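Engineer: Below you will find the structure I want to go over with you.
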Amino acid sequence: MAAQFITALLQPAIFVGNKTLTMKHTEEAYIGRVTGIRTLLMTGAMLLAASGAGSLKLLLTLPGVYAAAAACFAAGLGAMVPLLRESRLRRNPVRPSS
């Protein structure tokens, strides 16, 4: 129950972070459209993940479920690393030394 309570407290922070990133990286004219589709996609992904976790729990042991979650996390992190590098290079361009 405590874990569910903490999750319920932190879930709005995830949505606020999602909206903040949208406002930071989207042109003003498209914020409503982008926010609408991202909210739907995020909610749908959370529902699919919760449904998949129940099915996965029946097929695997508990450590197997945690290993699958860790693999998904690592795949997401691997997809983000090139974007983070590109963002850092854009903010701090390499200048040739004279």
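The values are calculated or read from the model by the stated rules, or taken from the named source; none is laboratory data. These figures come from a predicted structure and were not determined experimentally. Don't worry about glycine lacking a Cβ; one is built from the backbone with ideal geometry, like all the others, and counts go over all protein chains shown.
Yes/no per residue for (1) modelled with pLDDT of 85 or more; (2) in contact with a Phe, Trp or Tyr (Cβ under 6 Å, 6 or more places away or on another chain); (3) over 23 Å from TYR66 (Cβ atoms); (4) surrounded by fewer than 11 Cβ atoms within 10 Å (Cβ to Cβ):
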| site | (1), (2), (3), (4) |
| --- | --- |
| ALA8 | yes, no, no, yes |
| ASN18 | no, no, yes, no |
| ALA29 | yes, no, yes, yes |
| ARG38 | no, no, yes, no |
| THR43 | yes, no, yes, no |
| ALA50 | yes, no, no, yes |
| ALA53 | no, no, no, no |
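Engineer: Is region 14-37 home to any residue that is under 22 Å from GLN4 (Cβ atoms), in contact (Cβ under 8 Å) with a residue 24 or more places away in the chain and not aliphatic (A, V, I, L, M)?
Structural biologist: Within region 14-37, one or more residues are under 22 Å from GLN4 (Cβ atoms), in contact (Cβ under 8 Å) with a residue 24 or more places away in the chain and not aliphatic (A, V, I, L, M).
Engineer: Is one or more of the residues making up region 55-63 under 23 Å from LEU84 (Cβ atoms) and surrounded by fewer than 10 Cβ atoms within 10 Å (Cβ to Cβ)?
Structural biologist: Scanning region 55-63 turns up no residue that is under 23 Å from LEU84 (Cβ atoms) and surrounded by fewer than 10 Cβ atoms within 10 Å (Cβ to Cβ).
Engineer: So which of THR43, THR35, THR39 ends up being touching a Lys or Arg at 6+ places or on another chain (Cβ under 7 Å) and either assigned to a helix (DSSP H, G or I) or under 24 Å from ASN18 (Cα atoms) (or both)?
Structural biologist: Just one listed residue meets the conditions, THR35.
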